[in-house]
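The values are calculated or read from the model by the stated rules, or taken from the named source; none is laboratory data. Since this is a predicted model, take the numbers as computed values, not measurements. Glycine gets a Cβ as well: all are built from the backbone with ideal geometry, and neighbour counts include every protein chain shown. Remember, those area values only see protein heavy atoms, side chains included, never the ligands or the DNA or RNA. Shrake-Rupley method; radii C 1.70, N 1.55, O 1.52, S 1.80 Å.
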Amino acid sequence: MLRLSALPPKARKIGCGVICAFLAIILLGALGSSGSSGSTKAKAAQEALDSATLVENSPLLGTTSNNPYRIEYGSKESGRTTVAVSDLFAPSVSEVSLESSSTLDTMSIGEQFAAITLSNSAGSKEVTVRFLVQDTQIPEVQIKEETVSLSQGDEFDPASNVTAKDSVDGVLSQVDSRPEAKRSSDGAERYESGWFMLSYTDPSGNAVPSIDTSVTGAYRVSAIAYDKNGNCSGDSYFTVVVKATETSAERSAVTEEETAQEEDSTQQSSEQSTSTAAPATHDYVLNTNTKKIHDPGCSLIKKMKEQNKQTVNSTLADLEAQGYEPCNKCHPR
């Protein structure tokens, strides 16, 4: 500036003009650079918002992207069946935020919709998500006894041997005939409530409306259950065996036979007890001199002296206890 002041007036004007022009160029360049940078950031923000999608952020939704999201009835997220939708998703782009005031109720069968807002500095966009809560669990049929035995003419309610229940409908009621189903918008057949039904086959294999306990044989009872959402248990079955009842004459004959068998058994036991308690005695001839025991028919008896001969009725055991020995020729028993 000091140098310019030393110049002639005309030269000073020219110098000032050059300096101003130079400063203007620098200023315009700075302004252009700032505008270009802002435009780039805005463009990047818009591209991020446009490309942002939803990413499943919960095991409740599975691992595959889909719309509608199929949710099993009664499913829980962190122990809750009512879940904030914002907890189920995350934005695919970190520069974009996600907000939603909607909730998902897994205890409510059918469609549910939720609005989710994705936003950043470029603005926001709304995404609508469709959930479909479904009951896919089949009802359970329990048979108490696989085989039920009855006497001819007994009364029996087959339903007393069956329990049917469902995780959604609870305990199911018995029906005499299949209820009419209503087809819903998703194509599934549904009923007013869950139910179970019994069917019967007689001993000849024919379908019958009930068990006739006046007719003996084995009956097959089949049970099938449906919940109100159309899930079927499949057939379960049990067998009812009706046995003939004994007549009075048959019972009397059996009693007489049992009595006779008992008397025979008692007599045999008595004889065996007597035989064991008192061994039978026999006639023997003793030689009091030689201390030998002889059968009455032994040939050596004729050679015995009369004073040495003694006839007794005893057992060998008793005689041997008295010091006598059996004859080696006749071998008395």
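Here the label points at ILE301 and ASN57, each 7 Å from Cα along the C-beta direction, are separated by 12.4 nm in the simple model. The alpha-carbon of LYS41 sits under 17 angstrom from the alpha-carbons of these aspartates and glutamates, leaving out residues fewer than 8 places away in its chain: ASP50, GLU95. When the Cα atoms of segment 144-194 are aligned to their principal axes, the ranges along those axes come out at 51, 22, 14 Å in descending order. Around the Cα centre of segment 38-133, unit charges on the Cβ atoms of Lys, Arg, Asp and Glu (plus for the first two, minus for the last two) sum to a dipole of about 80 debye.
Between the amide H of VAL208 and those of TYR200, THR201, ASP202, distances stay under 5 Å, these residues lying 5 or more places away or on another chain, with hydrogens modeled in the peptide plane. Stretching the chain fully between GLU146 and THR311 yields a gain of 51.7 nm (0.36 nm per residue, less the alpha carbon separation). A cut-off under 10 angstrom between Cβ atoms defines the neighbours of LYS292, and their net charge, with Lys, Arg +1 and Asp, Glu -1, is +1.
I'd like the GluC sites (Glu not before Pro) in segment 110-151 restricted to DSSP loop residues with at most 11 other Cβ atoms within 10 Å, sorted by number.
On the way: sites: GLU111, GLU126, GLU140, GLU145, GLU146; in loops: GLU145, GLU146.
Counting only loop positions with at most 11 other Cβ atoms within 10 Å, the GluC sites (Glu not before Pro) in segment 110-151 are GLU145, GLU146.
The residues of segment 34-149 expose, per residue, 57 Å² of accessible area to a 1.4 Å probe.
Farthest toward the positive end of the dipole of segment 117-239, out of ALA207, ALA122, VAL168, is the Cα of ALA122, where the dipole comes from beta carbon charges about the Cα centre. Largest to smallest in accessible area, the residues MET304, MET197, MET107 fall in the order MET107, MET197, MET304 (1.4 Å probe, all protein chains included). By a straight-distance test (C-alpha under 27 Å), which lysines pair with LYS302 as possible cross-link partners, with residues fewer than eight away in the same chain excluded? Leaving aside lysines fewer than 8 places away in the same chain, those within reach of LYS302 are LYS291, LYS292, LYS329.
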